[in-house]
Amino acid sequence: MKIRYDRFPDGKMKAVTMSYDDGRDHDRRLVEIMNRYGLKGAFHLNSGKLGNNRYITAEEVATLFAGHEVSAHTVTHPHLELTPPERVAMELLEDRQALEELVGYPVKGMSYPFGSWNEQVVHTLPALGIEYARTTRSHGGFQLPENWLEWHPTCHHKSMLEHGEKFLAYQAKYSRMVLLYVWGHSYEFENDANWELMEQFGELVGRQPQIWYATNAEIVAYMKALQQLRWSVSGSIVHNPSALSVWVGVEDEAVEIAAGATLQV
């Protein structure tokens with residue numbers, strides 16, 4: 001029996017996520033556009049800068065990013081590889097705690113300030129409750145990461161139309177899930193006077209029935225649940241111990257395995 005971990009929710013094989021840093025006031029316009037086209041993403045915030053000039057306020061975080069994900073970006077935005085380990089811990093734990101008090105759910109992801117890190121920082125993150133960390137090293141592809149703590153995106157938003165067209169046309173030679181991951185800063189649209197890029201991207205890839213639109217954390221949680229499936233030796237019995245329903249390919253057909261269910265496939 002051919003069984004493959006090759007399906008996102010509802011049996012889909014393509015997903016799109018976005019990721020924006022710093023919590024600048026232009027996030028308001030960006031979120032409005034994303035919501036209009038059904039796009040979802042993570043917004044990585046520096047809690048120590050909320051309410052400063054040209055930044056969003058703490059009071060609006062929960063409502064502004066409803067339906068998206070609020071994620072950590074440290075309190076003060078330092079170069080983590082140049083920061084003493086105890087200060088790295090404080091920057092992330094204090095940022096998480098401040099943001100969690102605003103949104104009412106655990107903040108488990110982050111993006112690296114300045115896109116910089118080292119091996120010591122990566123090894124510290126699990127003890128700080130961080131499950132994923134996004135870099136700025138775009139790879140131009142649609143593969144899922146080998147290491148969630150060094151999650152490289154597909155592209156910066158300046159090239160998202162080009163990659164969006166390739167993504168829609170992409171046909172995998174072998175059955176495989178693919179992800180289009182776009183990152184950037186909302187103020188760049190204003191600085192470059194190219195907000196039309198976001199509108200065009202929404203028109204291109206938004207509200208497509210074959211695509212799963214997810215936050216960064218939703219993708220991580222889903223993939224972890226998928227990997228937790230427990231199979232019999234024959235491959236004909238499977239148990240899903242997680243709280244999420246997951247989908248797998250069985251003889252090239254999408255099969256749902258509900259949360260907590262044991263299923264004959």
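One table, with the values for the structure above:
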| read-out | value |
| --- | --- |
| Test set (1) without any contact (Cβ under 8 Å) to a residue 60 or more places away in the chain; (2) in contact with a strand residue (DSSP E or B) (Cβ under 9 Å, 6 or more places away or on another chain); (3) aliphatic (A, V, I, L, M) - VAL88 fails condition number | (2) |
| Top-ranked residue of segment 67-85 - restricted to ones that are without any contact (Cβ under 8 Å) to a residue 60 or more places away in the chain and assigned to a strand (DSSP E or B), ranked as farthest from THR124 (Cα to Cα) | VAL70 |
| Some residue of segment 226-233 being farther than 26 Å from GLU165 by Cα and surrounded by 15 or more Cβ atoms within 10 Å (Cβ to Cβ) | yes |
| Flag if GLN143 is assigned by TED's automatic domain parsing to the domain that holds GLY164, modelled with pLDDT of 95 or more and over 22 Å from TYR213 (Cβ atoms) | no |
| Output for segment 22-53, where each listed residue is farther than 22 Å from MET110 by Cβ, part of a loop (DSSP other than H, G, I, E, B) and over 16 Å from the mean Cα position of the chain (by Cα) | ASN53 |
| Any chance GLU190 is surrounded by fewer than 17 Cβ atoms within 10 Å (Cβ to Cβ), in the same structural domain as ALA66 (by TED's automatic domain parsing) and closer than 21 Å to MET223 by Cα | no |
| From VAL220, VAL255, residue being touching a Gly at 6+ places or on another chain (Cβ under 8 Å) and closer than 22 Å to GLU146 by Cβ | VAL220 |
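Conditions (1) farther than 15 Å from THR17 by Cα; (2) acidic (Asp, Glu); (3) within 20 Å of the chain's Cα centre (by Cα), marked per residue:
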{"site": "GLN208", "(1), (2), (3)": "no, no, yes"}
{"site": "GLU218", "(1), (2), (3)": "no, yes, yes"}
{"site": "LEU229", "(1), (2), (3)": "yes, no, no"}
{"site": "GLY249", "(1), (2), (3)": "yes, no, no"}
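The values are calculated or read from the model by the stated rules, or taken from the named source; none is laboratory data. Quick caveat: nothing in here was measured; it's all calculated off a predicted structure. Here Cβ is always computed from backbone atoms with ideal geometry, including for glycine, and neighbour counts include all displayed protein chains.
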